[in-house]
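K.L.:
What follows is a structure written as structure tokens; I'll ask about it next.
What follows draws every value from the coordinates through simple rules; no lab data is involved. Treat the numbers as computed from the prediction; the structure is a model and nothing was measured. In this analysis, Cβ positions are derived from the backbone assuming ideal geometry, glycine residues included, and neighbour counts consider all displayed protein chains.
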Amino acid sequence: MPIPRFQVGPLLAQQAAGYALQTVHDFERAGLALIQAPTGFKTGSERVRTLSYWVPSAGNLRKTERAIHETLGLLARGSTTVRCIA
């Protein structure tokens, strides 16, 4: 018995902002329209930028590693567009 096919309108996807590009890519590959609702954006802080602000830290190294990891993931999935979300 064949699997029934349904008409699906745009889907709403709520996900972490850092994964928004992967989500879009996967849904588009499946032929589905997607309305994004990203959450958890990383924002700047209001702190005073002293010398310690400019010194490398483990936290910032982790952010760099995550950015590289996500970019490589997009490229491995065959994405032809890698955009930066600030």
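K.L.:
How far is it, in nm, from the label point at Ile35 to the one at Arg62 when both lie 7 Å from their Cα along the line to the Cβ?
P.N.:
Those two pseudo-labels are separated by 3.5 nm.
K.L.:
Oh, and also: Take each of the peptides 72-78, 21-27, 50-56, average the number of other beta-carbon atoms within 10 Å over its residues, and list them starting from the highest.
P.N.:
Top of the packing list down: 21-27, 72-78, 50-56.
K.L.:
What residue among Gln14, Asn60, Ala37 has its Cα farthest toward the positive end of the dipole of region 10-77, where the charges are +1 on Lys, Arg and -1 on Asp, Glu, each on the Cβ?
P.N.:
Looking along the dipole axis, the top candidate is Asn60.
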